[in-house]
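What follows is a set of notes on a single structure, which appears directly below.
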Amino acid sequence: MRIICPYCGERGNEEFSYLGDASLLRPDPAGAGAMHAFADYVYLRDNPRGSHREFWYHAAGCRSWLIVTRNTSTHDITRVEFACDVAAARMASFEDEG
Amino acid sequence: MADLALQARTPLQDLARPGRFGAATAKPGLLIEERTDLALATVMARRGREHDLNRAVAAAYGIDLPHGPHVAAKDGVSFAGIGVQRWLAAAEGLVEADFVDRLRQRLAGLASIAEQTDGWAVLRLRGDRVRDVLAKGIPIDLHPSRFATGDVALTVVAHIGVQIAQLDDRPTFQLMAFRSLAASLWSWLSKSAAEFGYEIVPSGSPGRRTDRITTTKRSINSD
Ligand SMILES: [Zn+2]
């Protein structure tokens, strides 16, 4: 499998480390039901077939965190984004909402 | 303070001694030079100051910071893109003995500077078979249509993290690895080059890094 890093270009997956589902948000440790929320966040991951947004770290390259959209049954990669850009866009949308 | 009997050593001093090695080919397929004269530092832009950083580097060194994996050089100073808003700055032949200190002053408030000078083994590689040697370990395509003069890549060779750059059209490549992995890199390089015959040439530049280190040591001892 090869990933097109937006900084480095196309590289083999041996240069990257995989973290997991990029759609989850870390629960608030001070929030109500935090223990249950963290158990769910850490252990109860889905294992979907098909399109999946997931974190990859370009450890042996530019050291960027990436969000890769990959089909888990075909390994087709349809999108690669810098995780920091996605996070910045999410922060901006929170601010827009109020 | 007691005199310290410290001796500066280059990363490959005991391994890469000048001479002709490997197969007895008519002409060495690879020429290897350990560069020991480069002052090195990483430069990381501070958030929101990227534009001012570009301007400050242009004013101080006459260099447009590359945005992408490329290297820009002028008068022995270079900036190589190694990540988003991150560069490796290098000064050859001790253009300025206090290059990193001056860099820190000139870019104060705009970027974080980390001294790297003694942290890297730096090799310059050229010769008729240089691409054939590199192809044995570098997993990226170095064909001239895909990797040209001025291009930089961070990747791995034999599980060792490296930076590679093409410096000129001859072509000359610069291969760098963390100093503590220099012997492992050398093991891969010397074996990969053996079938073509290789020559280790003395560091061609006037100033050696060890001279500067020795001077620094003396000034510490004289305090
Ligand atoms: Zn990358």
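Rounded to the nearest 20 debye, the dipole size of chain B about its Cα centre is 220 debye, using +1 on the Cβ of Lys and Arg and -1 on the Cβ of Asp and Glu. Using Cβ point charges alone (K and R +1, D and E -1), the dipole size of the range B:38-117 about the Cα centre works out to roughly 340 debye. Sparse packing (at most 15 other Cβ atoms within 10 Å of the Cβ) combined with a DSSP loop state is found for the following GluC sites (Glu not before Pro) in the range B:76-176: B:GLU96. The mean number of partner chain beta-carbon atoms within 10 angstrom of a residue's beta-carbon across peptide B:178-186 is 0. Charged side chains reduced to their Cβ positions (Lys and Arg at +1, Asp and Glu at -1) give the protein assembly as shown a dipole of some 660 debye around its Cα centre.
Give me Rg/Rg_expected for the protein assembly as shown, where Rg uses Cα atoms only and Rg_expected = 2.2 N^0.38 Å with N residues. Please report the intermediate quantities before stating the final value.
Working: Rg = 23.1 Å, N = 321, 2.2 N^0.38 = 19.7 Å.
Working it through for the protein assembly as shown, the quotient is 1.17.
Would you mind classifying the range A:29-98 by shape? Square roots of the alpha carbon gyration tensor eigenvalues, ordered a ≥ b ≥ c; an a/c under 1.5 is rounded, otherwise it is prolate if a/b is larger than b/c and oblate if not. Because a/c hits 1.5 or more and a/b fails to exceed b/c, the range A:29-98 counts as oblate. The mean number of partner chain beta-carbon atoms within 10 angstrom of a residue's beta-carbon across peptide A:8-18 is 4. Its relative contact order, with pairs defined as Cα atoms under 8 Å and 6+ residues apart, puts chain A at 25 percent. Annotation: cysteines of the protein assembly as shown without a disulfide-compatible partner (Cβ-Cβ under 4.7 angstrom) are A:CYS62, A:CYS84. Modelled spin labels at B:SER187 and A:ARG26, positioned 7 Å past Cα toward Cβ, are 3.8 nm from each other. Across peptide A:56-64, the average count of Cβ atoms from other chains found within 10 Å of a residue's Cβ is 4. Shape class of chain B from the alpha-carbon gyration tensor: oblate, with a/c at 1.5 or above and b/c at least as large as a/b.
Counting only DSSP H runs of at least 4 residues, each contributing -39500 (n - 2.57), and dividing by the residue count of chain B, the helix-based mean residue ellipticity at 222 nm comes to -7000 deg cm²/dmol.
Laboratory data are not the source of any read-out in this text; all were calculated from the coordinates shown. Every value quoted in this text rests on a predicted model; they were computed, and no experiment measured them. We place every Cβ from the backbone using ideal geometry, glycine too, and count neighbours over all the protein chains shown.
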